[in-house]
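Contents: one structure, followed by commentary.
The values are calculated or read from the model by the stated rules, or taken from the named source; none is laboratory data. As the structure is a computational prediction, the values presented were derived from the model and not from experiment. Note: ideal-geometry Cβ built from the backbone for every residue, glycine included; neighbour counts use all protein chains shown.
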Amino acid sequence: MNARILIVEDETGLATTLKDRLRKQGYAVGVAQDGNSGMDMAMREPFDLLILDLMLPGQNGLAICQKLRQLGSNTPILMLTARRQTMDKVIGLRTGADDYLTKPFKMVELLARVDALLRRAGQGKSTGPVRYQCGDLQIDIRSTEVTREGRPVALAAKEFQLLRYFVEHRGATLSRDELLREVWGYGGQPSTRTVDVHVAWLRQKIEPDPKNPQLILTVVGLGYKFAGEPKG
């Protein structure tokens, strides 16, 4: 079955161009041109990916993204923004977006991002354990739930995918390029700073003392290593 993509974009020309190009790639595409109708469609219909503009009439992309994540949606979200400030991108990722693309962009880059997000979301079924226990941290792969000391830990989709990759490759030193390739699905296009930022966020949520991490260790000059000894 073809993946279903929802475009929430108020620029009519861009929305039409995206819709036509994605349909030519074989995707089923829905379009909303304001935040309220976009939120309504995202809640009513089963989409595999959202392409969400940051600035929208009705309610903006950040608000939509935050509400969807609060409601438990793990649908991948690609945020589009005309802004270039780093803080806007950071806020978008913290709100729960999986990736962002700054306008103007090349269509081939958008298609690559879409493909990568869909592949990561659908990588699916693991042949390993579906639940890991690392001290007081429990990770359930099937339900995508994480708890620490019995309390839920709220992770964005990309944070969970990163944690899953660490746990499934525990003890191995993982380079930033490998993490970009395997978790983000990119061949080195984005800055490796992307990895560092997400690792810092993850440590804030799962480490008892983020300034003195015991689970995700930095291997100077090489990358990171998950040092926990999970029991599957």
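Observations on the model:
- Evaluating residue 211 against the criteria (1) closer than 27 Å to residue 118 by Cβ; (2) assigned to a loop (DSSP other than H, G, I, E, B); (3) at pLDDT 90 or above; (4) among the basic types (Lys, Arg) leaves one unmet condition, (1).
- Leading residue by the ranking (surrounded by the fewest Cβ atoms within 10 Å (Cβ to Cβ)) among those in the range 164-179 that are in a helix (DSSP H, G or I) and of a type in the set (Lys, Arg): 176
- Residues of the range 69-83 classified as assigned to a loop (DSSP other than H, G, I, E, B) and closer than 11 Å to residue 51 by Cα, total: 2
- Given (1) modelled with pLDDT under 90; (2) out of contact with any Asp or Glu (no Cβ under 7 Å at 6 or more places or on another chain); (3) closer than 19 Å to residue 72 by Cα, index of the condition residue 162 fails: (1)
- Among residues of the range 6-23 that are assigned by TED's automatic domain parsing to the domain that holds residue 45 and free of Cβ contacts under 8 Å to residues at least 12 places away in the same chain, those with a Cβ under 7 angstrom from a residue that is outside any helix (DSSP H, G or I) and hydrophobic (A, V, I, L, M, F, W, C), sequence gap 6+ or separate chain, pair up as 23/29.
- In the range 1-38, residue modelled with the highest pLDDT [restricted to those that are of a type in the set (A, V, I, L, M, F, W, C) and in a loop (DSSP other than H, G, I, E, B)]: 3
- If you go through the range 39-66 and keep only what is of a type in the set (Asp, Glu) and either under 22 Å from residue 116 (Cα atoms) or in a loop (DSSP other than H, G, I, E, B) (or both), you end up with 45, 48, 53.
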